[in-house]
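In what follows, a structure is listed as structure tokens, so that the remarks can point back to it.
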Amino acid sequence: MEKAHGRVHKYGDNVDTDVIIPARYLNTSDEKELASHCMEDIDKSFVGKVQAGDIMVANKNFGCGSSREHAPIAIKASGISCVIAETFARIFYRNSINIGLAIIECPDAAKEIADGDTVSVDFDSGMITDETTGKSWQGQAFPAFMQKIIDCGGLVNYINRETA
């Protein structure tokens, strides 16, 4: 994993895990089923318009609320390749890495990127480019070990590979 590229789905502040995947769907761990309900309480059209490789952008405190891993799983399974936000709730940040969802904090990019823009992210450098506007921002690059975890599809897969 070196880059992400896709159309942006933009959200605001304090998008909590109950909005990302409503609690009424937590009776399953099937990734496709979770993805089919991703964001439905905040954006009913999300699952119909998201494409593999798309990028989610949000403002402050993305992923706050319950510590469930279902939220980043639903986002990843929906086809989102990366989430960019001003800030993430800490447990969501760690859960995302653990399940292999790329996330990057960059306040200026999160504020300026608009819904529907096309964005690319270079994970090696942390560079975020809005191809629609031509603007670029320096986000925080992933350390090599975190890139390896994401490349493997999550922490469990990474550990299994390293111990094999």
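Key figures
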read-out	value
Meets criteria (surrounded by 15 or more Cβ atoms within 10 Å (Cβ to Cβ), in contact (Cβ under 8 Å) with a residue 40 or more places away in the chain and part of a helix (DSSP H, G or I)) for Ile128	no
Any hit, segment 122-141, residues being at pLDDT below 95 and among the basic types (Lys, Arg)	no
Members of segment 7-53 that are at pLDDT below 95 and of a type in the set (Phe, Trp, Tyr)	Tyr25
Tabulated pairs, segment 93-119, first without any contact (Cβ under 8 Å) to a residue 24 or more places away in the chain and farther than 25 Å from Glu131 by Cα, second surrounded by fewer than 19 Cβ atoms within 10 Å (Cβ to Cβ) and of a type outside the set (S, T, N, Q), C-beta under 6 angstrom, 6+ apart or interchain	none
From Ala102, Ala52, residue being within 15 Å of Gly154 (Cβ to Cβ) and of a type in the set (A, V, I, L, M, F, W, C)	Ala102
Contacts under 6 angstrom Cβ, first residue in segment 43-71 being more than 20 Å from Ile97 (Cβ to Cβ) and touching a residue at least 24 places away in the same chain (Cβ under 8 Å), partner in a helix (DSSP H, G or I) and of a type outside the set (Phe, Trp, Tyr), 6 or more apart	Val50/Ser78; Asn59/Ala110
Complete set of residues in segment 113-125 that are part of a strand (DSSP E or B) and within 14 Å of the chain's Cα centre (by Cα)	Val119, Ser120, Val121
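The values are calculated or read from the model by the stated rules, or taken from the named source; none is laboratory data. On a predicted model such as this, the values are computed, not experimentally measured, just so you know. With ideal geometry, Cβ positions are generated from the backbone for all residues, glycine too; neighbour counts draw on all protein chains shown.
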